[in-house]
Amino acid sequence: MSLCKRRGFIFQSAEIYGGFRSTYDYGPLGVNMLRNVKDAWWRSMVQLRDDVVGLDAAILSPPGVWAASGHLANFTDPLVDCRSCRSRFRADKLDGPCPNCGGTDFTEARDFNLMFKTHAGPVEDEGAVAYLRPETAQGMFVNFANVLQTTRKRPPFGIAQVGKSFRNEITPQNFVFRTREFEQMEMEYFVPPAESATWHRYWIDERYRWYLELGMPGDRLRIRPHGPEELSHYSSATSDVEFLFPWGWDELEGIANRTDYDLLQHAAASGERLEYFDQATGERYVPHAIEPAAGATRTMMAFLLAAYAEDEVGGEARTVLRLHPRLAPYQAAVLPLSKKETLEPMAREVLGLLQPHFMCDYDTTQSIGRRYRRHDEIGTPWCVTVDFDSLEDRAVTVRDRDSTEQVRVPLDALVGELRARGGLA
Ligand code: ATP
C-alpha cells in the first residue's frame, strides 16, 4: 500500500479533503496497469476468439431491470449492529467479538440491499428512481436479442463487458480488495442447455490458465467450488478462482452457471422473446449462461501482491515488482546515461522508436543506478540506456529487471528484441 501511494499507483480519493472512505483514485502508474489488466482480459476473451463479442452498456438503469434480475429482492448482505459501539458488520464475515470494541452483543441480522439508488431527472419521486448497476452482467442479458440479431452468432457464443459496478458494501476493506465503486470484467457465454456443465468446466479451466499465463504463481491460486448454501439466487453451480492474499485465501473471480434464470426473468418481465431459434433444426430454446465474473481492480491488487519482492543486487537491498511485461505500467524506460546534451537527441530518437509499440518512461534525473532501482520498484521490465558509445555504434544497452543482465542491442533490432523477450508478439 505504501509503495502504491509513494510511486503513484493508487491514491486515497479526495485525500486533500481528508479522504472519502473506500474510494480510490488510480494515479499515473496505476491507470496504466489497470488498463493493462483489462486489455489482457479483453485480448484473451474477445480479441483472440471468434465466438465472443463485446458490449459497453449503461451504468444507470431503471428499477424494472433489477426487479426482473432478482437484485431488488435478493442482492442483500446480512447486517448486524454491535449493541455497545453501534458499529455495523456483515454477519457472514463476522467471526467472534466486535472488531471495534470487543463487545459480543449484536442485533439480529437483517437484510441490507447493496444497490446504490439515485434519481434520474429533476424530480426526486418514485417514478424517477434509477440504480447504479451492481454488476455488468445484466447489460448482456438485456441486450441478448440485440446482439443475436446484429452479429448472427449462434450458441455457444459470448458477450463480454468491462466496466464500473457499484455496491454499497457494509464493510469495505483491505485497500482496493473490496470497495463501493470498482471495475468488473464479465462475460456471459450462452450455450445449449445440455452443454452447460461441459462449458462451465471449460471456463473454469480457461480462466485459471489466464492468471498463470500472466505470471501468477500456481501455489497462490486455487479453484474452490461453492457449497449449496453459498450459491447466489441465480446460480446452479459456482467455482471461485481464489488468490492467497496476506489475510488468507479470498476470491478473485466467480465462474457461475446462471442457467436460463436471467433470460427467462427478463423475457417474462419485458414481454420480449429471449431465445434462440435454430433454423437448421427448427429447434427453439432458451440458452443457459456460463459467467466468468472477475474484478479488474481486485485482480490488479493481486498481481501487485504476487509481483512484490525484496532481493539483493550487488550487495544492496532492492524492491522489485516482477510484473509480467503485459501488465507493467511501463514496458521500457529510456535513460540517457548522463545529462550531457550530446546524448539527448539520440535518447529522444530511441524514445520515438519505442513509443508506438510500448508504454515508455523517459528519465534523466539522478545516477543510472538510482534510475534502475526506481524502475525495478515499479516493475519496468527493460531499461534502455543510451551512452556515449551509442552515438558511434547506434546500439543501446538493455537491462533486464529480473536478472539485471545487460546486453548491447543495435537500434534497428530493439523493438523486435523487446517484443520477443516479453512474448508480446
Ligand atoms: P463477495 O462475496 O466477496 O462480496 P461476490 O461473490 O458477491 O463477492 P461477484 O458478485 O461474484 O462477487 O462479483 C464478481 C467479482 O467482482 C468478484 O470476484 C470480485 O473480483 C469483484 N468484486 C465484487 N465485489 C467487489 C467489491 N466490492 N470491490 C472490488 N471488487 C469486487
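Kindly evaluate Gly282 against the criterion of being within 17 Å of Phe144 (Cα to Cα) and loosely packed, with under 14 Cβ neighbours inside 10 Å. Walk me through how you get there before you give the answer.
Values: within 17 Å of Phe144 (Cα to Cα): no; loosely packed, with under 14 Cβ neighbours inside 10 Å: yes.
Considered against the rule, which asks whether it is within 17 Å of Phe144 (Cα to Cα) and loosely packed, with under 14 Cβ neighbours inside 10 Å, Gly282 comes out as no.
So which helices (runs of 4 or more DSSP H) stay within the range 1-74 end to end and still have 2 or more residues that are over 17 Å from Thr297 (Cβ atoms)?
2-7, 63-69, 71-74
Within the range 378-408, track down each residue that is surrounded by 17 or more Cβ atoms within 10 Å (Cβ to Cβ), in contact (Cβ under 8 Å) with a residue 24 or more places away in the chain and not in a loop (DSSP other than H, G, I, E, B).
If we filter the range 378-408 for residues that are surrounded by 17 or more Cβ atoms within 10 Å (Cβ to Cβ), which is where we start, we get 378-387, 390, 395-399, 401.
Subset that is in contact (Cβ under 8 Å) with a residue 24 or more places away in the chain: 378-387, 390, 396, 399, 401.
Listed by number, the residues that qualify are Trp382, Cys383, Val384, Thr385, Val386, Ser390, Val396, Arg399.
Taking the residues in the range 139-164 that are touching a helix residue (DSSP H, G or I) at 6+ places or on another chain (Cβ under 9 Å) and within 12 Å of the ligand (Cβ to nearest atom) as candidates, determine which candidate is farthest from Glu181 (Cα to Cα).
Filtering the range 139-164 for residues that are touching a helix residue (DSSP H, G or I) at 6+ places or on another chain (Cβ under 9 Å) and within 12 Å of the ligand (Cβ to nearest atom), the one farthest from Glu181 (Cα to Cα) comes out as Val162.
Looking only at helices (runs of 4 or more DSSP H) that lie completely in the range 269-377, which have at least 1 residues being of a type outside the set (Gly, Ala, Ser) and within 17 Å of Arg401 (Cα to Cα)? Break it down into steps so the answer makes sense when it comes.
On the way: elements: 296-307, 344-354, 368-377.
In the range 269-377, 296-307, 368-377 are the helices (runs of 4 or more DSSP H) which contain 1 or more residues that are of a type outside the set (Gly, Ala, Ser) and within 17 Å of Arg401 (Cα to Cα).
Suppose we filter Leu274, Leu323 for residues that are touching a residue at least 24 places away in the same chain (Cβ under 8 Å), surrounded by 23 or more Cβ atoms within 10 Å (Cβ to Cβ), closer than 30 Å to Ile159 by Cα and away from the ligand (no atom under 14 Å from the Cβ); which single one remains?
On the way: Leu274 fails: surrounded by 23 or more Cβ atoms within 10 Å (Cβ to Cβ).
Within the list Leu274, Leu323, the selection yields Leu323.
Can you name every residue in the range 179-201 that is crowded, with 21+ Cβ neighbours inside 10 Å and within 16 Å of the ligand (Cβ to nearest atom)?
If the condition is that a residue be crowded, with 21+ Cβ neighbours inside 10 Å and within 16 Å of the ligand (Cβ to nearest atom), then Thr179, Phe182, Glu183, Gln184, Met185, Glu186, Met187, Glu188, Tyr189, His200 are the ones that fit.
What is the number of the single condition among (1) modelled with pLDDT under 95; (2) in the same structural domain as Asn36 (by TED's automatic domain parsing); (3) touching a helix residue (DSSP H, G or I) at 6+ places or on another chain (Cβ under 9 Å) that Gln279 does not meet?
(3)
The values are calculated or read from the model by the stated rules, or taken from the named source; none is laboratory data. Note that the structure is predicted; figures quoted are calculated from it, not measured. Methodologically, a virtual Cβ is constructed for each residue, glycine included, from the backbone with ideal geometry; neighbour enumeration extends over all protein chains shown.
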